[in-house]
Amino acid sequence: MEIITLAKSNELLSPYKDSKLIKTLSWFSEYYYNAIPMQGDTIQYNDLRYGTMSFKFDRPEDFIFHFNLVKENNELRLLPEERPKNDRRDLALFWKRLKGN
């Protein structure tokens, strides 16, 4: 078994740690999350309990359960997420993951 360590990147969220949004997301993810800086003023908040479809952690879009947050007027706002398109490759990866391969 390979153990992968991910930086939590608390410094991205620490200015907003007392906000209702970050408190709710932290509670929801059971404090098992990390944050990734994205383009512009956007931060991707990843719930790490679900990992990635590809078992790799090098592409932000691979995280199964994530939220995009944008900085506005010294606050963070949750961006609406488009529903992902169904992709046969994703389903194949999902089945492979279920089987433990």
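Each reported figure results from applying straightforward, stated rules to the coordinates on display, with no laboratory input. From a predicted model like this one, the values you see are computed outputs, not experimental measurements. Neighbour counts run over all protein chains shown; Cβ positions are idealised from the backbone, glycine included.
In this simple spin-label model, placing a label point 7 Å from the Cα along the Cα-to-Cβ direction at both residue 21 and residue 88 gives a separation of 3.9 nm. Against the main long axis of the alpha-carbon atoms of the chain, helix 88-99 sits at an angle near 80°.
Ranking 32, 74, 10 by how far each Cα lies toward the positive end of the dipole of the chain (charges on Cβ) leaves 32 at the top.
Could you give the size of the charge dipole of the chain about its Cα centre, using +1 on the Cβ of each K and R and -1 on the Cβ of each D and E, expressed in debye and rounded to the nearest 20? Numbers along the way, then the final one.
Numbers: 16 positive and 15 negative charges, 84 e Å.
With only Lys, Arg, Asp and Glu charged at Cβ, the dipole is about 400 debye.
With neighbours defined as other Cβ atoms within 10 Å of a residue's Cβ, the residues 41, 47 order from fewest to most as 41, 47.
3J(HN,Hα) along the range 56-68: 10, 10, 9, 10, x, 6, 7, 5, 5, 10, 9, 10, 9 Hz, from the Karplus curve 6.51 cos²θ - 1.76 cosθ + 1.60 with θ = phi - 60°, whole Hz, x for Gly and Pro.
Sequentially through the range 18-32, phi angles give Karplus couplings (6.51, -1.76, 1.60; θ = phi - 60°) of 8, 6, 4, 4, 5, 4, 5, 5, 5, 4, 4, 8, 6, 6, 10 Hz, Gly and Pro residues having no value and appearing as x.
Once the chain from residue 30 to residue 74 is taken as fully extended at 0.36 nm per residue, the excess over their C-alpha distance is 13.3 nm.
Figure legend: label point modelled 7 angstrom from the Cα of residue 11 along Cα→Cβ; residues of the range 20-36 with amide N under 15 Å from it are 35-36.
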